[in-house]
Amino acid sequence: MSDEDNPGRGRFYVEALPCDDGPFQLPSREAAHAAASRRLAVGYSLTLFDGSGWELIARIDSASRSRLIVVPVSRRMAGPALAVPVTCATSLPKGSREDFLVSRCAELAVTRIVPVDFARSVVKASIHWAKRRERYKRLAVEAAKQSGQATITDFSDPVDLPRFLASLPRGLLLIGDPAADASVLDVLNARWPFQAVTFLVGPEGGVTEDESAAARRAGFAPVRLAPTTLRIETACIAFAAVASAFLLSRPLRDRP
């Protein structure tokens, strides 16, 4: 029985969507997932994406355990999940918490993650960065597939705080500070509409006084995320969730 009218049955990633409407072969890893894990067969439809914001609905034309040929049916521009870009610039936590941070932020549609080295950072992102970035990309793709996104979280090269502050992205700039007077929601509401938002998360040892002063001079507003002091990955995920909920609540007519 075909589910051609139900493309939500499976989402699969390709490096680049085809430009024409001819049959094409899915990458072997995605083909194995579709045929073996999802048990999709000839006649079923699925959704393909490449991170560009476009989605392609395709019908399976032939299938085996490791080879799957599909035929394009329709295309649509889904675009990014959030109304404005959200960047998380953060020190990295230790061990498996690093991957947890990346996966959950990607699931919450964070646009970009920037690893930043602070004076008290324990984990230096620049060490084995090529392997790290490759792993991050896999995690982000899986998060996009699971959460129904047509775009994929991007990852900037690691940078130390002075260089990061010297070339800041546009938009609203926030830095987590457990002692701040304003909550993150206070500032999001007060500064809306904005074209983008960047949240800066320091290391578990905290930012130094010099680093805090430098961030404020660069335009970062200190905000509280919770009445407690949060771990790095908790702060990043909490901000991603708050930003996502806040942007979802803004009427389309108010968006920049």
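Values computed for the structure shown
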quantity: Count - residues of the range 48-73 that are modelled with pLDDT under 95, among the polar types (S, T, N, Q) and in a strand (DSSP E or B); calculated: 1
quantity: Total residues in the range 225-253, condition modelled with pLDDT under 95, among the β-branched types (Val, Ile, Thr) and in a helix (DSSP H, G or I); calculated: 0
quantity: Hits in the range 168-191 (condition: in a loop (DSSP other than H, G, I, E, B), farther than 25 Å from Glu134 by Cβ and not hydrophobic (A, V, I, L, M, F, W, C)); calculated: Arg170, Gly171, Asp177, Pro178, Asp181
quantity: Any hit, the range 139-156, residues being out of contact with any Lys or Arg (no Cβ under 8 Å at 6 or more places or on another chain), in the same structural domain as Thr198 (by TED's automatic domain parsing) and under 15 Å from Ile232 (Cα atoms); calculated: no
quantity: Any hit, the range 208-224, residues being modelled with pLDDT under 95 and not in a helix (DSSP H, G or I); calculated: no
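Here is a yes/no grid of residues against (1) buried (at least 20 other Cβ atoms within 10 Å of the Cβ); (2) touching a residue at least 60 places away in the same chain (Cβ under 8 Å); (3) in contact with a strand residue (DSSP E or B) (Cβ under 6 Å, 6 or more places away or on another chain):
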site: Glu142; (1), (2), (3): no, no, no
site: Lys145; (1), (2), (3): no, yes, yes
site: Asp157; (1), (2), (3): no, no, no
site: Pro162; (1), (2), (3): no, no, no
site: Ile175; (1), (2), (3): yes, no, yes
site: Leu185; (1), (2), (3): no, yes, no
site: Val197; (1), (2), (3): yes, yes, yes
site: Gly202; (1), (2), (3): yes, yes, no
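The values are calculated or read from the model by the stated rules, or taken from the named source; none is laboratory data. These figures come from a predicted structure and were not determined experimentally. Because the Cβ atoms are built from the backbone with ideal geometry, glycine has one as well, and the counts that use them run over all protein chains shown.
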